[in-house]
Amino acid sequence: MIRSLYLFILIALLALGGVWLADNPGSVAIRWDNYIVETNVIVLALIMLIFALVVMLLYQGYAWMKASPGRLGGAFSARRRSKGLEALSNGMVAIAAGDADEARKAAVAAEKHLKGEPMTLLLAAQAAELNEDDRAAQIYYDKMTKREDTEFLGLRGLIARAKADGDLTEALVHTKRADELKPGTEWVLKELLETYLKTRQYKEADTVLARMARGKAGKSAKVRRLKAVISYERAQAHYKAEEKALALTLALQAHDLDPDFIPASALALYLSEPGRKREKLITDVWRHTPHPDIAKAIKEGELSGAPSDWYKRVKQLFASVQPEHRETALVMARAAFEAQEWGDARQYLDKAAQIDPSTSVYRLLAELEEKANADAAAARNWIIKSTEAPQDPLWICGNCGRQEPIWATHCPSCDAFDSMTWRKPDRGHGTDEVLEAEIVEEIEAPS
């Protein structure tokens with residue numbers, strides 16, 4: 001309403017001005033050399049108005065011609081970008097679908113229309129991997145690491161490529177750089193931990209684990225087990241370097257983190273000095289994990305003496321700790337056997353056979369018949385029974401099934417970390433010839 005009023009007032013003023021000029025036309029004379037031009041004011045105003053309009057039109061035309069190339073370029077650029085984005089979308093769908101050929105075509109189209117764009121490089125690298133072109137994938141990931149906005153993504157690709165090639169050193173270099181760019185990123189810390197473990201850099205692995213497992217996460221059973229294994233390996237390193245005090249501290253730390261971790265408990269017992277602390281540790285460990293390796297570590301840590309002394313010591317240690325456990329009966333039986341306490345040895349072996357019969361129990365009974373009674377026939381019967389009994393437990397890799405008498409942090413076959421558990425293997429079916437050979441070997445073995 002107000003704008004209409006202003007327009008009406010403007011028209012009225014122009015009309016009044018026109019009327020006034022018509023009533024007072026006046027005159028204007030222009031002299032140019034020998035020419036004189038005479039006219040009135042109204043004509044001169046019209047001429048000036050027309051001149052102003054012509055100048056304005058010429059200026060508008062000049063401005064349009066000057067801006068036309070940019071406008072045309074912008075139109076073409078928008079069209080090219082649209083095609084590039086469409087190629088990117090098609091490429092991502094092809095990668096998700098596993099269509100290697102379509103992914104490669106889309107990557108070429110995206111590179112043509114959006115050359116050098118971050119997503120273009122990523123699509124090209126992914127398409128190269130899908131087409132199993134390792135060299136091209138490496139080139140594109142390298143290009144990504146040269147740009148600040150894509151370096152982190154490029155490093156992730158290079159880490160995966162290095163791991164696929166088995167180059168853990170190169171993978172570790174890229175992972176450290178990724179950690180520098182974005183400290184604390186979950187997948188980067190996991191890669192660091194995994195690589196440090198595979199390369200046996202346990203001190204560094206312990207540092208990374210401390211960064212990962214904070215608060216409640218650090219108290220989970222899985223994390224405590226991992227810390228225990230790492231502490232055990234660090235203890236082994238200090239022991240080999242003849243740093244016994246540090247080794248014992250780390251072994252005890254591993255035992256405290258996971259009392260069921262047999263290798264750490266055995267090492268702590270082996271390194272402990274005789275005294276009340278060691279006695280308490282023996283009781284605590286045997287209550288949690290009666291095991292042959294524990295018994296061996298206890299025996300090796302004792303002062304040397306006659307077999308009868310060790311038998312007395314065994315009775316003192318294990319008489320009231322896990323007395324109904326198979327390993328307790330076997331430790332007592334072996335100690336009695338060495339002390340030539342044949343009656344006690346048979347009693348403990350019979351008890352072990354009742355609790356959990358196995359090959360070693362029956363073979364010890366066969367050996368007892370040979371040495372105590374010189375009864376080859378009875379020994380033969382026990383040997384035959386041992387071939388039918390379940391095998392003794394072994395350290396068996398849960399990843400590949402490798403069987404080992406000694407625990408290893410990394411499986412000797414598949415290199416899996418902390419994959420070995422103490423359990424009985426499946427017994428294979430042997431032939432009669434193998435069975436006969438085992439019997440003959442046992443009976444003819446020298447005392």
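As a fraction of the 1.4 Å probe accessible area of the stretch 337-423, surface on carbon and sulfur atoms comes out at 46 percent.
Only protein heavy atoms count here; under a 1.4 Å probe, Thr199 has an accessible surface of about 50 Å². Taking a Cβ cut-off of under 11 Å around Ile95, the surrounding Lys, Arg, Asp and Glu residues balance to a net charge of -2, with basic ones at +1 and acidic ones at -1.
Quote the charge dipole size of the stretch 166-267 about the Cα centre in Debye, to the nearest 20; the model charges only the Cβ of Lys and Arg (+1) and of Asp and Glu (-1).
I would put it at about 320 debye.
Ser320 contributes about 100 Å² of solvent-accessible surface, heavy atoms of the protein only, 1.4 Å probe.
Of all lysines in the structure, the ones whose alpha carbon falls short of 17 Å from that of Lys312, not counting any fewer than 8 places away in one chain, are Lys296, Lys299. Solvent-accessible area assigned to carbon and sulfur over the stretch 123-274 amounts to 49 percent, based on a 1.4 Å probe. Take the stretch 269-375 with all the other protein chains still there, run a 1.4 Å probe, and you get 50 Å² of accessible area per residue.
Note on the stretch 189-262: dipole from Cβ charges, positive end direction compared against Ile262, Ala221, Ala241; the farthest Cα belongs to Ala221.
When the chain is fully extended, how far beyond the present Cα-Cα distance does Met119 get from Ile2, taking 0.36 nm per residue of separation?
36.7 nm
The values are calculated or read from the model by the stated rules, or taken from the named source; none is laboratory data. Remember, it's a predicted structure, so these values are computed and weren't measured experimentally. Cβ coordinates were reconstructed from backbone atoms using ideal geometry, including for glycine residues, and neighbour counts include every protein chain displayed. When the accessible area is computed, the model is the full protein with side chains, heavy atoms only, and any ligands, DNA or RNA have been set aside. Shrake-Rupley method; radii C 1.70, N 1.55, O 1.52, S 1.80 Å.
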